[in-house]
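Trainee: There's a structure below that I have some questions on.
The values are calculated or read from the model by the stated rules, or taken from the named source; none is laboratory data. Everything quoted here is computed from the prediction, not taken from an experiment. Because the Cβ atoms are built from the backbone with ideal geometry, glycine has one as well, and the counts that use them run over all protein chains shown.
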Amino acid sequence: MSARSILDGGGIALEDHHHDLRATMRAFLERHAPNELVNELDREGRFPAEIVAGLAELGICGATLPERFGGSDVDSTSVAIICEEVQRAGSCIASAITPTLTFGGPAILWHGDEALQQRLLPGIAAGETRIAIGLTEPDAASDLSQVATRATAVEGGFLVSGTKVWCTGALDAEYVIALVRTDPAATGYDGMSFLLVPTDADNLEIRKIPKLAGQGTASCEVFCDETFVAAENLVGELHGGKRILWSLLDSERVYVAAQTVGVAQGAYDFALAYAHQRRQFGRPVIEHQAVGHRLADMACQLTMARLLAYTACARADRDEPYSLDAVMAKVSCSEIATRVVELAMEVLGAYGYSVEYPIERFYREVKLFEIAGGTNQILRNVIVKNLQPPRGT
Ligand SMILES: Cc1cc2nc3c(=O)[nH]c(=O)nc-3n(C[C@H](O)[C@H](O)[C@H](O)COP(=O)(O)OP(=O)(O)OC[C@H]3O[C@@H](n4cnc5c(N)ncnc54)[C@H](O)[C@@H]3O)c2cc1C
């Protein structure tokens with residue numbers, strides 16, 4: 001039986017290796033990605049290449065890949081812990097890692113042929129090959145069935161034409177894994193495929209989209225105009241994009257939920273330390289009930305969020321269906337995290353607003369998680385479809 005308190009993960013089905021992973025990552029990131037540096041990277045729009053290289057040395061970039069490709073093939077809860085800790089350090093750090101870790105790498109591993117796996121997965125595990133996710137388009141966002149980027153078969157490959165938007169990390173990635181229409185006659189989710197579009201291809205342009213937070217890893221527009229992509233960069237079957245997309249969405253949502261837990265944890269940790277140290281009316285502000293209760297609420301909500309995320313992970317690791325768990329975790333955790341960060345801002349007062357402290361950055365970063373990974377409105381549509389009336393009504 002674990003002697004840890006619930007706030008340190010006690011009572012949750014975590015094993016020693018989970019706690020060790022968190023401790024290792026936190027020590028590394030607190031040392032190499034302090035608030036001042038993350039703010040500087042965002043201010044200058046500078047990709048955190050050295051931090052990514054350090055994380056790769058710790059084995060983080062290969063966490064979702066098998067050993068034969070240089071990875072460590074950890075369980076879902078470990079991946080969630082990685083997502084939490086990189087996001088606790090800052091959005092630009094998380095966005096530099098997670099698209100490849102939780103989407104690009106698994107897409108190739110689960111659906112790519114042996115040649116594609118041999119060619120790309122060792123580089124991904126080493127942190128040298130990065131993949132940005134290219135789902136969203138100007139007119140196909142929540143409704144990806146409207147994807148209009150087309151890939152026309154030509155000798156040796158495809159000519160890709162269209163625009164992807166919000167492709168996070170594309171400027172510093174080797175590939176965009178793009179959802180494209182390969183069968184022009186098909187409609188809806190049919191006739192789509194995933195192609196790995198090299199970011200240094202001819203007839204391809206990448207432009208930064210200015211955004212509220214995490215600017216160190218830019219979100220980008222990617223313009224393709226008859227861009228040639230070799231046939232060997234097709235992921236899975238031709239026209240098999242729908243199956244690949246569905247296979248990745250559940251885990252993607254759980255890991256977004258875990259990221260939100262990371263922001264909430266960062267805000268809570270900072271606010272708690274501050275409330276002990278900051279004195280007003282002759283005592284630490286935590287001793288004023290209004291402040292203390294905010295911290296109590298933050299601790300409860302943070303723990304609830306973590307339990308939801310880890311419950312979905314545990315079901316994934318037991319090979320149980322976990323789509324609904326994933327959606328509920330993503331919606332609940334992201335909204336809890338927004339509230340926790342707001343409370344942290346209130347605990348700090350004016351210094352919550354100062355760019356010298358991390359709370360204002362968490363405040364800017366946290367809202368994204370109600371939008372990305374499927375908006376919470378869309379995901380509520382999914383939840384309500386799963387709600388059954390009580391028996392006998
Ligand atoms: C910083 C950032 C990074 C991102 N990174 C990536 C990335 O790397 N790769 C990628 O492919 N995409 C990325 N995205 C895009 C993200 O996935 C989309 O923003 C998201 O899918 C929703 O699209 P939208 O914001 O354009 O909203 P829209 O789909 O245009 O919807 C607008 C509003 O209407 C609501 N709405 C629409 N339809 C319904 C409905 N049926 N029922 C109820 N409400 C509805 C939505 O919830 C939303 O509030 C990123 C976005 C941001 C902001």
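Trainee: Just wondering, is there one or more residues in the stretch 77-87 that are surrounded by 23 or more Cβ atoms within 10 Å (Cβ to Cβ), of a type in the set (Gly, Ala, Ser) and within 13 Å of the chain's Cα centre (by Cα)?
Mentor: yes
Trainee: Could you tell me how many of the residues in the stretch 88-122 are within 18 Å of the chain's Cα centre (by Cα) and of a type in the set (Lys, Arg)?
Mentor: Selection size over the stretch 88-122: 1.
Trainee: Which condition number in (1) away from the ligand (no atom under 12 Å from the Cβ); (2) charged (D, E, K, R); (3) not assigned by TED's automatic domain parsing to the domain that holds Arg46 is the one that Glu114 fails?
Mentor: If we test Glu114 against (1) away from the ligand (no atom under 12 Å from the Cβ); (2) charged (D, E, K, R); (3) not assigned by TED's automatic domain parsing to the domain that holds Arg46, just (3) comes out false.
Every residue, every condition in (1) surrounded by fewer than 24 Cβ atoms within 10 Å (Cβ to Cβ); (2) within 16 Å of the ligand (Cβ to nearest atom); (3) outside the structural domain of Leu171 (by TED's automatic domain parsing), yes or no:
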{"position": "Val197", "(1), (2), (3)": "no, yes, no"}
{"position": "Gln215", "(1), (2), (3)": "yes, yes, no"}
{"position": "Glu226", "(1), (2), (3)": "yes, no, no"}
{"position": "Leu248", "(1), (2), (3)": "yes, yes, yes"}
{"position": "Glu287", "(1), (2), (3)": "yes, no, yes"}
{"position": "Val291", "(1), (2), (3)": "yes, no, yes"}
{"position": "Leu307", "(1), (2), (3)": "yes, no, yes"}
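Trainee: Examine the stretch 130-139 for a residue that is away from the ligand (no atom under 15 Å from the Cβ), touching a Cys at 6+ places or on another chain (Cβ under 7 Å) and either part of a strand (DSSP E or B) or farther than 30 Å from Leu55 by Cα (or both), and state whether such a residue exists.
Mentor: The answer is no; no qualifying residue exists.
Trainee: Still on this structure: Please specify each residue of the stretch 333-369 satisfying the condition of being under 27 Å from Leu387 (Cα atoms) and either within 16 Å of the ligand (Cβ to nearest atom) or at pLDDT below 95 (or both).
Mentor: Ser334, Glu335, Ala337, Thr338, Lys367, Leu368, Phe369 - these are the residues of the stretch 333-369 that are under 27 Å from Leu387 (Cα atoms) and either within 16 Å of the ligand (Cβ to nearest atom) or at pLDDT below 95 (or both).
Trainee: A follow-up question, please. Give Ala53, Ala80 a once-over and let me know the one that is in a helix (DSSP H, G or I) and in contact with a Gly (Cβ under 8 Å, 6 or more places away or on another chain).
Mentor: Matching residue, one of Ala53, Ala80: Ala53.
Trainee: Can you run down the residue pairs with Cβ atoms below 7 Å, 6 or more apart or on separate chains, where the first is in the stretch 35-48 and under 12 Å from Ala218 (Cβ atoms) and the partner is part of a helix (DSSP H, G or I) and of a type outside the set (A, V, I, L, M, F, W, C)?
Mentor: Close Cβ pairs (under 7 Å, with a partner that is part of a helix (DSSP H, G or I) and of a type outside the set (A, V, I, L, M, F, W, C)) amount to Phe47/Asp172.
Trainee: Looking at the stretch 58-74, is at least one residue in a helix (DSSP H, G or I), surrounded by 24 or more Cβ atoms within 10 Å (Cβ to Cβ) and either at pLDDT below 95 or not assigned by TED's automatic domain parsing to the domain that holds Lys367 (or both)?
Mentor: No, the stretch 58-74 contains no residue that is in a helix (DSSP H, G or I), surrounded by 24 or more Cβ atoms within 10 Å (Cβ to Cβ) and either at pLDDT below 95 or not assigned by TED's automatic domain parsing to the domain that holds Lys367 (or both).
Trainee: While we're on this one: Go through the stretch 202-213 and give me each residue that's near the ligand (Cβ under 8 Å from one of its atoms) and either of a type in the set (Lys, Arg) or surrounded by 20 or more Cβ atoms within 10 Å (Cβ to Cβ) (or both).
Mentor: Hit for the stretch 202-213 is Lys211, nothing else.
Trainee: Just one of the numbered conditions (1) basic (Lys, Arg); (2) surrounded by 24 or more Cβ atoms within 10 Å (Cβ to Cβ); (3) in the same structural domain as Tyr175 (by TED's automatic domain parsing) is not true of Arg150; which one?
Mentor: (2) is the only condition that Arg150 fails.
Here's the yes/no breakdown for (1) within 19 Å of Gly45 (Cβ to Cβ); (2) in contact (Cβ under 8 Å) with a residue 12 or more places away in the chain:
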{"residue": "Ile177", "(1), (2)": "no, yes"}
{"residue": "Thr182", "(1), (2)": "no, yes"}
{"residue": "Ala185", "(1), (2)": "no, no"}
{"residue": "Thr199", "(1), (2)": "yes, yes"}
{"residue": "Leu204", "(1), (2)": "no, yes"}
{"residue": "Ile209", "(1), (2)": "yes, yes"}
{"residue": "Gln215", "(1), (2)": "yes, yes"}
{"residue": "Ala218", "(1), (2)": "yes, yes"}
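Trainee: Now, a different point. Would you mind stating whether Ala350 is among the aliphatic types (A, V, I, L, M) and loosely packed, with under 14 Cβ neighbours inside 10 Å? Give the derivation first.
Mentor: Details: among the aliphatic types (A, V, I, L, M): yes; loosely packed, with under 14 Cβ neighbours inside 10 Å: yes.
Criteria met by Ala350.
Trainee: Looking at Trp166 and the list (1) over 21 Å from Lys208 (Cβ atoms); (2) within 13 Å of the ligand (Cβ to nearest atom), which single condition is not satisfied?
Mentor: Condition (1) is where Trp166 drops out.
Trainee: A follow-up question, please. Counting residues that are polar (S, T, N, Q), which helices (runs of 4 or more DSSP H) fully inside the stretch 318-393 reach at least 1?
Mentor: 323-348, 376-385
Trainee: Also, I was wondering about something else. Kindly evaluate Ala329 against the criterion of being touching a Lys or Arg at 6+ places or on another chain (Cβ under 8 Å) and more than 16 Å from the ligand (Cβ to nearest atom). Steps first, please.
Mentor: Working: touching a Lys or Arg at 6+ places or on another chain (Cβ under 8 Å): yes; more than 16 Å from the ligand (Cβ to nearest atom): yes.
Here the answer is yes, as Ala329 does meet what is asked.
Trainee: Answer with yes or no whether Ser142 is within 15 Å of the ligand (Cβ to nearest atom) and touching a helix residue (DSSP H, G or I) at 6+ places or on another chain (Cβ under 6 Å). Full working, then the answer.
Mentor: Working: within 15 Å of the ligand (Cβ to nearest atom): yes; touching a helix residue (DSSP H, G or I) at 6+ places or on another chain (Cβ under 6 Å): yes.
For Ser142, the condition - within 15 Å of the ligand (Cβ to nearest atom) and touching a helix residue (DSSP H, G or I) at 6+ places or on another chain (Cβ under 6 Å) - is met.
Trainee: Show the residue pairs meeting these rules: Cβ distance below 8 Å; 6+ apart or different chains; first residue within the stretch 133-151 and farther than 24 Å from Gly105 by Cβ and free of Cβ contacts under 8 Å to residues at least 40 places away in the same chain; second residue among the acidic types (Asp, Glu) and assigned to a loop (DSSP other than H, G, I, E, B).
Mentor: Taking only residues 6 or more apart or on different chains, the pairs are Gln146/Asp139; Ala148/Asp139.
Trainee: Determine if the stretch 283-304 includes at least one residue that is assigned to a strand (DSSP E or B) and more than 30 Å from Glu252 (Cα to Cα).
Mentor: Yes; the residues of the stretch 283-304 include at least one that is assigned to a strand (DSSP E or B) and more than 30 Å from Glu252 (Cα to Cα).
Trainee: Go through the stretch 361-378 and give me each residue that's of a type outside the set (Gly, Ala, Ser) and surrounded by fewer than 22 Cβ atoms within 10 Å (Cβ to Cβ). Give the steps one after another, and end with the answer.
Mentor: Narrowing the stretch 361-378 to residues of a type outside the set (Gly, Ala, Ser): 361-371, 375-378.
If the condition is that a residue be of a type outside the set (Gly, Ala, Ser) and surrounded by fewer than 22 Cβ atoms within 10 Å (Cβ to Cβ), then Tyr363, Arg364, Lys367, Glu370, Ile371, Thr375, Asn376, Gln377, Ile378 are the ones that fit.
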